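Student: Take a look at the following structure, please.
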Amino acid sequence: MTLHEPDLALHVEDLTVSYHSKPVLWDIDFDVPPGVMAAIVGPNGAGKSTLIKSVLGLVPTVAGHVTLHGRPYKAQRRRVGYVPQRSSVDWDFPTTALDVVTMGLYGRLGWLRRPGRRERDEAMAALELVGMQDFAKRQISQLSGGQQQRVFLARALVQKADVYFLDEPMAGVDATTERAIVDILRRLRDEGKTVIVVHHDLQTVRSYFDWLLILNVRVIAQGPVAEVYTADHLRKAYGGQIALLDQGTFLSGEAVAEAAERAG
Amino acid sequence: MTLVELLSDYTIQNVVAGAALLGLVSGVLGSFAVLRQQSLLGDTMSHAALPGVCLGFIIAGTREIGSILLGALATGALAALVMLLLTRMSRLKTDAGLGITLSVFFAIGVVLLTHIQGMNNASQGGLDAFLFGQAAATLRSDLWIMGGITAVALLLVAALWKEFKLVSFDPEFATSLGLPVAWLEVLLTVMVALAVVVGLQMVGVVLMAAMIIAPAVAARQWSRCLEDMVLLAALIGVAGGVFGALISALSRGLATGPLIILSVSSVVLVSMTLAPERGFLWEAVRRVRARRRLRYQQVLTTLYRLAVHHADPDYRSEQGMLDTYHGQRTRAVLRQLMRRGLVEGRDTPSDEPGPPRRWVLTPAGIDEAERVLESLGRENA
């Protein structure tokens, strides 16, 4: 089979997703080169999470195709790591932090095989990476929000993927955890992995990320952060939400960007 | 009757063995249903089994257990499918979908049941026992069917353990790993339908849902991992089943099915109240302790603030002042603080009017008050 756009870590073309026959994502063309840390930003209801989910095949698409490193997602599952939104699961489930991390290895294990010592060691190593080794045996219901997020990150780390998708990993976590998560993601990028993050905080986009997609049902802009993070693009995506701020600050483009940062 | 006589009775043996099998299979499968927040799916499927029971009877023309159970399984599974389509295709929410499906299928079942009763077919006798169950009618041949279904279900759960666990905890992540999540969920649902079929004769369609939900809910209170929960739920199911069956055998005229449900439910009640960390009682004790600690800290910091305000670490606070500030009597709290060496009562200097004794912070009390205030500041930051 010939590779389709092999030089791109993620290539999305013409992707359209609808819910109750209303478009949630419309004609998305989105490319991410390998070895970058990319953010997906946009206002509420822009379809940020839906974009990740449709790439991973969790949400049915109406049209379009997706390739990862040149091959369709189904052939590349083992090269993908996924951190869902923390609120997507019931944290009262009777299990431990270590056990949740081990779940990241279930795909590799295959049917009928049970996780053994090797899997436990790997999961333990991942917990150490996120600084949670002391909580391995802790009930997940007793972890704080930030700790739960770290456990989810560790579960993706054991997947040893090439492309990581994270859905709002910094939402509702404390500053220390946010710092730790960013450090780990940077390390992944420096190892040549591609990290794609749904992000909600415009303030930190420029300092954390080097690639950016601004989304509002359609693609507003994409590319290196320095080129894409402009007042014009943000106003196009956020429109009214930014206009709510003091009109006086809209005189210069830079001021708008700063207003947008504060709004985020 | 003594217990030995009881257990050597052929009918009672059947009933007890059946109840144990039912408890086993519904405890194990109920755990997954409860964790997937699908407890009511069991209720819908058990009510929806009634039309199947009647259809099975009509088709077979006689009260033949094989076709009756097959019919129950078919309509139970059909109801689950209808409910799934309703919620997927329309904007109906899950609870409404379950409710509609349950009542429509159950109504059809009752109509069919009354129709059969009006046919004057001699062999229809006892078909209405499927409503509330008739454990005494359990035959050795029924036990083989129940045992077979239980064995298949347990084998599947053992073989697909980690898949079922992941699908119950995080189906989205399971999908991203490439697991056939839809099929695994269908399998779990069909197995719950099988458990319902196992229980139809014993407890009937109306109470069967409790058999699925109760052992799992009770077990959840005590367990820290899924393995423990499923094992414990199986144990509670078996124990409740056997206990209920024996009680009903010991006394005349008490229906077995409801007694099984009641004994399992009493385990739920105890577990909800007493289980460490999750029980009501535990929670209440924790709350009382927290409230008392809070009051100690409040009184202590009030004393500290008064001392700071007067720039005198030995400032003597009057009881009345503290009571007024807190809007309630603080003498008991102060006594407790004194016992812990954080405050002491000192005599008022003889030249000063007012009450004879006043309260003063000890050096340990000052340290403690500063620690409390500092931790308050940290939480606010």
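Rule-based calculations on the coordinates, nothing more; no lab input. Computed from a predicted structure; not experimentally measured. Because the Cβ atoms are built from the backbone with ideal geometry, glycine has one as well, and the counts that use them run over all protein chains shown.
Student: Could you tell me which of the pairs A:LYS74/A:LYS236; A:LYS137/B:LYS93; B:LYS93/B:LYS162; A:LYS160/B:LYS93; A:LYS137/A:LYS160; A:LYS22/B:LYS162 are separated by over 31 angstrom between their Cα atoms in the structure shown?
Tutor: Beyond 31 Å between Cα atoms: A:LYS74/A:LYS236; A:LYS137/B:LYS93; A:LYS160/B:LYS93; A:LYS22/B:LYS162.
Student: Further question: Which three semi-axes in whole Å describe the equivalent ellipsoid of chain A, each the square root of 5 times a Cα gyration tensor eigenvalue, listed largest first?
Tutor: 32, 23, 17
Student: Oh, and also: Kindly work out what percent of the DSSP beta bridges joining two residues of chain A are antiparallel, to the nearest 5.
Tutor: 55
Student: Sticking with this one: Would you pull out the residues with amide H under 5 Å of A:VAL36's amide H, same chain only if 5 or more places away, H placed 1.01 Å from N?
Tutor: Distant-sequence amide H within range of A:VAL36: A:VAL195.
Student: Report the rotationally averaged projected area of the stretch B:154-204 based on its alpha-carbon convex hull, in square nanometres.
Tutor: That works out to 3.9 nm², a quarter of the Cα hull's surface.
Student: Provide the FRET efficiency to the nearest 0.05 for the A:ASP14-B:ALA311 pair, computing r from the beta carbons and using R0 = 56 Å.
Tutor: Details: r = 76 Å, r/R0 = 1.35.
Rounded to the nearest 0.05, the efficiency is 0.15.
Student: Now for a different question. So what does the Cα-only Debye profile of the stretch B:103-213 read at q = 0.11, 0.18, 0.20, 0.21 Å⁻¹, as log10 I(q)/I(0), no solvent term?
Tutor: -0.51, -0.98, -1.09, -1.14
Student: Would you mind telling me which residue in B:VAL110, B:VAL167, B:VAL343 has the biggest mean-square fluctuation in a Gaussian network model of chain B, where springs connect alpha carbons within a distance under 10 angstrom?
Tutor: B:VAL343
Student: Related question: Give me Rg over Rh for the stretch A:57-204, both radii from the alpha carbons and Rh done the Kirkwood way, two decimal places. The partial results should precede the final answer.
Tutor: Values: Rg = 15.4 Å, Rh = 16.1 Å.
Computed over Cα atoms, the ratio is 0.96.
Student: Here's another thing I want to ask about it. Any idea what the relative contact order of chain B is, in percent, if you count C-alpha pairs under 8 Å spaced at least 6 apart?
Tutor: Computed value for chain B: 20 percent relative contact order.
Student: Turning to a different aspect of this structure: When chain B is treated as a GNM, springs tying every alpha-carbon pair under 10 Å, which of B:ILE108, B:ILE261, B:ILE212 comes out with the largest mean-square fluctuation?
Tutor: B:ILE108
Student: Something else: Taking only the alpha-carbon positions of the stretch B:324-372 and ignoring solvent, what does the Debye formula give for the base-10 log of I(q)/I(0) at q = 0.12, 0.16, 0.31, 0.33 Å⁻¹?
Tutor: -0.31, -0.54, -1.11, -1.13
Student: Find the all-direction average of the projected area of the Cα convex hull for the protein assembly as shown, expressing the result in square nanometres with one decimal place.
Tutor: Averaged projected hull area, Cα only: 42.2 nm².
Student: Additional query: In whole Hz, what ³J(HN,Hα) sequence does the stretch A:161-166 give by Karplus (6.51, -1.76, 1.60; θ = phi - 60°), x for Gly and Pro?
Tutor: Whole-Hz 3J(HN,Hα) from phi for the stretch A:161-166: 8, 9, 10, 10, 10, 10.
Student: Please report the net charge: other residues with Cβ closer than 12 Å to the Cβ of A:LYS48, K and R +1, D and E -1.
Tutor: Surrounding charge for A:LYS48 is -1.
Student: Here is a further query. Relative to 2.2 N^0.38 Å, what does the C-alpha radius of gyration of the stretch A:123-187 come to as a ratio? Two decimals please.
Tutor: Cα Rg divided by the expected 2.2 N^0.38 Å: 1.03.
Student: Using only the alpha-carbon atoms of the stretch A:1-52, report the extent along each of the three principal axes, biggest first, to the nearest angstrom.
Tutor: 36, 27, 12
Student: Next up: Relative contact order for chain A using alpha-carbon pairs under 8 Å, separation at least 6, rounded to a whole percent?
Tutor: About 24 percent, as a whole number.
Student: How high is the relative contact order of the stretch B:174-301, given as a whole-number percent (alpha carbon pairs under 8 Å, six or more residues apart)?
Tutor: After rounding, I find 21 percent.
Student: Moving on to the next point. Based only on other Cβ atoms within 10 Å, what is the fewest-to-most ordering of A:TYR82, B:TYR304? Let's see the in-between values first.
Tutor: Values: A:TYR82 27, B:TYR304 20.
Result, fewest neighbours first: B:TYR304, A:TYR82.
Student: With 10 Å bins from zero, work out the P(r) of the stretch B:286-381 over every alpha carbon pair and list the percent per bin.
Tutor: P(r) over the stretch B:286-381, rounded to whole percents: 15, 50, 29, 6, 1.
Student: Expressed in nm to one decimal, what extension gain is obtained for the pair B:THR114 and B:ARG140 from 0.36 nm per residue of sequence separation less their Cα-Cα distance?
Tutor: My answer for the length gained is 6.5 nm.
Student: Connecting C-alpha atoms closer than 10 Å in a GNM of chain B, tell me which of B:ILE213, B:ILE65, B:ILE236 has the biggest fluctuation.
Tutor: Sorting by GNM fluctuation, first place goes to B:ILE65.
Student: How far apart, in nm, are the 7 Å Cα→Cβ label points at B:GLN328 and B:VAL285?
Tutor: Going by the 7 Å Cα→Cβ label model, 2.2 nm.
Student: Over the alpha carbons of the stretch B:32-155, what is the largest minus smallest coordinate on each principal axis, giving the biggest first in Å?
Tutor: Over the stretch B:32-155, Cα extents along the principal axes are 46, 38, 21 Å.
Student: Return the ratio Rg/(2.2 N^0.38 Å) for chain B, where Rg is computed over Cα atoms only.
Tutor: Compactness ratio reported: 1.48.
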